[in-house]
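Presented below is the structure to which this report refers.
The values are calculated or read from the model by the stated rules, or taken from the named source; none is laboratory data. None of these values were measured; they are calculated from a predicted model. As a convention, Cβ positions derive from the backbone with ideal geometry for all residues, glycine included, and neighbour counts pool all protein chains shown. Each accessible area value is taken on the protein alone, full model and side chains, heavy atoms only, with ligands, DNA and RNA left out. Shrake-Rupley method; radii C 1.70, N 1.55, O 1.52, S 1.80 Å.
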Amino acid sequence: MPGYFAFYVGTAPEKLAEVERELLAEAQLLRQDGLTDEELRRAKAKIIGQKKIARQDLGGLAMTVALNELYQLGYQFLDTEDAKYEAVTAKEVRAVANKYLTPEALVVAVIKPG
């Protein structure tokens, strides 16, 4: 299934080059060192918490179920989704970073005012 990783930053135009360098450095750190156990635990807790909150809203729940059907995951996918996030390992995160967060795969889009 196709997808993408997106990093979004709002910054002053004069900080653009600095921010881009920092994002690329963070991607390099993910490829090189991966995440600590604590970073991975916090990331899992955040995304699982956000998804649980979104499911409390009927519109959000309907959208989630509809998208799961569209993506051919099935409407019941959300029943197993939390466990799938919990099962992600630091080793897997590093492998994905090494596969997809490479300079060769990089596309930078900059939107400026005016």
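Surface composition of the chain: carbon and sulfur atoms hold 59% of the protein heavy-atom accessible area at a 1.4 Å probe. You can think of it this way: the chain between Gln76 and Asn98 has 4.8 nm of extra reach, that is 0.36 nm per residue less the Cα-Cα gap. Close amide H contacts of Leu35 (hydrogens built in the peptide plane, cut-off under 5 Å, sequence separation of 5 or more or a different chain): Arg94.
Here the stretch 17-59 is treated with +1 on each Lys and Arg Cβ and -1 on each Asp and Glu Cβ, and its dipole about the Cα centre works out to around 440 debye. Taking the helices alone, the chain has a mean residue ellipticity at 222 nm of -20500 deg cm²/dmol, built from -39,500 (n - 2.57) per DSSP H run of at least 4 residues and averaged over all its residues.
On the principal axes of its alpha carbon atoms, the chain extends 45, 40, 26 Å, with the longest extent given first.
Highest GNM mean-square fluctuation among Lys91, Lys46, Lys15, for the chain modelled with Cα contacts below 10 Å: Lys15. A 1.4 Å probe run over the chain, with the rest of the protein chains in place, finds 80 Å² accessible per residue. Placing Ile111, Ile48 in order of accessible area, with the largest value first and a 1.4 Å probe, yields Ile111, Ile48.
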